[in-house]
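*Asks:* My questions will all concern the structure given below.
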Amino acid sequence: MTQQGAPRHAPVPPHTAAPAAAAPDTARPSPDPAPRARTHWIGEHAVVELHGEIDIAGLESVGPLLDAATAAVTPPGLVIVDLRTAAFVDCSGLGLLCRAHRRVAERGGRLRLVCDNPLVIRTLHAGRLLDVLRPVPTLYEALREE
């Protein structure tokens, strides 16, 4: 690349050189957008991990598993919904979380939400659910709050 009006082989001044490529963000691996859920147990507590984009298209793949976990609650059961690997949650996902919270409460249990993604936290705030679901950033904190 040469400066306009300069001879073809003239060097490009340093201040007009293309910027170096930005270093990749290594703080968080890029999430898989495909919605899926996985349930595992820690003692008597069900932990439901929601992965990918939790939106209207993904409800049919993650909803039944979350419903199964909330149906199994017996007092004073605890269901933990882990959203740390969720890339996105829309209003349909918020509805799913509200339904899970209600089902657990009706059965005398408790629901704890684990979330450290600022975009998901912002969605919870916009939906006025921060005070209801009270997300914590780690699984350890969710278990400690029992």
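*Asks:* Between residue 91 and residue 57, what length comes free when the chain is fully extended (0.36 nm per residue of separation minus the Cα-Cα distance, one decimal in nm)? Can you show the working numbers first?
*Replies:* Working: separation 34, 0.36 × 34 = 12.24 nm, distance 1.17 nm.
So the extension gain works out to 11.1 nm.
*Asks:* Assuming R0 = 22 Å, what is the FRET efficiency of residue 107 and residue 34, from their Cβ-Cβ distance, to the nearest 0.05? Display every interim value, and only then the final one.
*Replies:* On the way: r = 30 Å, r/R0 = 1.37.
Taking R0 as 22 Å, the efficiency between residue 107 and residue 34 is 0.15.
*Asks:* Also, I was wondering about something else. Once amide H atoms are built 1.01 Å from N in the peptide plane, which residues 5 or more positions from residue 46, or in another chain, come under 5 Å H to H?
*Replies:* Excluding prolines and chain starts, which carry no amide H, the hits are 78, 80.
*Asks:* Set the Förster radius R0 to 25 Å, insert the Cβ-Cβ distance between residue 74 and residue 145 as r into 1/(1 + (r/R0)^6), and round the FRET efficiency to 0.05.
*Replies:* Details: r = 19 Å, r/R0 = 0.76.
So the FRET efficiency works out to roughly 0.85.
*Asks:* How far, in nm, would the chain grow between residue 98 and residue 116 when pulled straight, counting 0.36 nm per residue and subtracting the alpha carbon separation?
*Replies:* Roughly 4.6 nm would be gained on extension.
*Asks:* So for the range 61-146, what are the equivalent ellipsoid semi-axes in whole Å, largest first, each being the square root of 5 times an eigenvalue of the Cα gyration tensor? All intermediate terms of the calculation are to be shown ahead of the outcome.
*Replies:* Numbers: eigenvalues 75, 44, 26 Å².
Its equivalent ellipsoid spans semi-axes of 19, 15, 11 Å.
*Asks:* With a ≥ b ≥ c the root eigenvalues of the C-alpha gyration tensor of the range 83-131, is it rounded (a/c under 1.5), prolate (a/b larger than b/c) or oblate? Could you put the intermediate results ahead of the total?
*Replies:* Values: a/c = 2.04, a/b = 1.75, b/c = 1.16.
Prolate shape, in that a/c is at least 1.5 and a/b is the bigger ratio.
*Asks:* Between residue 41 and residue 130, 0.36 nm times their residue separation minus their Cα-Cα distance comes to what?
*Replies:* Details: separation 89, 0.36 × 89 = 32.04 nm, distance 2.50 nm.
29.5 nm is the gain from fully extending residue 41 to residue 130.
Any read-out appearing in this document is the output of simple, stated calculations on the displayed coordinates, not a laboratory observation. Predicted model, so just to flag it, every value in this text is computed and none were measured. Methodologically, a virtual Cβ is constructed for each residue, glycine included, from the backbone with ideal geometry; neighbour enumeration extends over all protein chains shown.
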